[in-house]
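K.L.:
Dumping the structure here so I can ask a few things about it.
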């Protein structure tokens, strides 16, 4: 009887220690998500117009792996200075090849043109940072799609963006016109880099 009781206690102690280890692993580095960790959330350092960095969560809303690439729908924060009631998330639709290359990216329809999984949550046109009473930059979602998304991000591998952390490290069409929209550009870059890292981790796990 004593032998059975000792065995039961040993099993319970092992399970308890295992649960504690799992908890510690799952909650490590998760301050931006309120102390919890989720498989479909990763964090990036949001860069403000004053070059201040804040850890923020990025939410993977949908992912589907095909034979050649993976489809992603994910939401990220573009701005932090807008009023809380207007601080919407950007929802992007992106297709990444096995090696993380950006195959397709959109803020409206998917690559087949059949569905609309993405939403432009930023301003359009975008006002310059700091003073909304100033004249708008005139840049719209369509400009971002032409110059930044299709003109720069599509076709980029993770190693192509590895040393790029802000607009100052980039070179894309009509870039000078985006000087007043650097916050939008910077955080789109960081969210995409985070998604590529998330994707590659999934490929090797």
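K.L.:
Considering (1) more than 14 Å from the chain's Cα centre (by Cα); (2) crowded, with 16+ Cβ neighbours inside 10 Å; (3) in contact (Cβ under 8 Å) with a residue 40 or more places away in the chain; (4) closer than 16 Å to residue 141 by Cβ, say which one residue 188 fails and leave the rest.
P.N.:
Evaluating residue 188 over (1) more than 14 Å from the chain's Cα centre (by Cα); (2) crowded, with 16+ Cβ neighbours inside 10 Å; (3) in contact (Cβ under 8 Å) with a residue 40 or more places away in the chain; (4) closer than 16 Å to residue 141 by Cβ leaves (1) as the failure.
K.L.:
Of the residues in the range 99-118, how many are surrounded by 14 or more Cβ atoms within 10 Å (Cβ to Cβ) and either touching a helix residue (DSSP H, G or I) at 6+ places or on another chain (Cβ under 9 Å) or part of a strand (DSSP E or B) (or both)?
P.N.:
9
K.L.:
Right, next: Could you list all residues from the range 82-98 that are part of a loop (DSSP other than H, G, I, E, B), within 17 Å of the chain's Cα centre (by Cα) and surrounded by 14 or more Cβ atoms within 10 Å (Cβ to Cβ)?
P.N.:
First pass over the range 82-98, keeping only residues part of a loop (DSSP other than H, G, I, E, B): 82-83, 87-88, 98.
Narrowing further to those that are within 17 Å of the chain's Cα centre (by Cα): 87-88.
Selection gives 88 alone.
K.L.:
Right, here's the next one. From the residues in the range 139-162 that are touching a strand residue (DSSP E or B) at 6+ places or on another chain (Cβ under 6 Å) and within 20 Å of residue 119 (Cβ to Cβ), which one is surrounded by the most Cβ atoms within 10 Å (Cβ to Cβ)?
P.N.:
By that ranking, first place goes to 149.
K.L.:
Give me the residue from the range 52-81 that is in contact (Cβ under 8 Å) with a residue 12 or more places away in the chain and in a loop (DSSP other than H, G, I, E, B) and, out of that set, nearest to the chain's Cα centre (by Cα).
P.N.:
Residue satisfying both the conditions and the ranking: 78.
K.L.:
Can you name every residue in the range 69-81 that is touching a strand residue (DSSP E or B) at 6+ places or on another chain (Cβ under 7 Å) and at pLDDT below 95? Don't jump to the end; show me each part of the working.
P.N.:
Quick first cut of the range 69-81, residues touching a strand residue (DSSP E or B) at 6+ places or on another chain (Cβ under 7 Å) only: 69-78, 80.
Scanning the range 69-81 gives 77, 78, 80.
K.L.:
Being crowded, with 16+ Cβ neighbours inside 10 Å, modelled with pLDDT under 95 and in contact with a strand residue (DSSP E or B) (Cβ under 6 Å, 6 or more places away or on another chain) narrows it down to one residue among 180, 121; which is it? I'd like the intermediate steps shown before the answer.
P.N.:
On the way: 180 fails: in contact with a strand residue (DSSP E or B) (Cβ under 6 Å, 6 or more places away or on another chain).
Exactly one of 180, 121 is crowded, with 16+ Cβ neighbours inside 10 Å, modelled with pLDDT under 95 and in contact with a strand residue (DSSP E or B) (Cβ under 6 Å, 6 or more places away or on another chain), namely 121.
K.L.:
Could you check how many residues of the range 162-179 are more than 18 Å from the chain's Cα centre (by Cα), under 13 Å from residue 144 (Cβ atoms) and in a helix (DSSP H, G or I)?
P.N.:
Going through the range 162-179 one residue at a time, the tally reaches 3.
K.L.:
Still on this structure, I have one more. Pick out the one residue from 155, 194, 180 that is over 24 Å from residue 95 (Cβ atoms) and touching a residue at least 24 places away in the same chain (Cβ under 8 Å). Can you show your working first?
P.N.:
Working: 155 fails: over 24 Å from residue 95 (Cβ atoms); 194 fails: over 24 Å from residue 95 (Cβ atoms).
Only one candidate qualifies: 180.
The values are calculated or read from the model by the stated rules, or taken from the named source; none is laboratory data. Remember, it's a predicted structure, so these values are computed and weren't measured experimentally. Cβ atoms come from the backbone with ideal geometry, glycine included; neighbour counts cover every protein chain shown.
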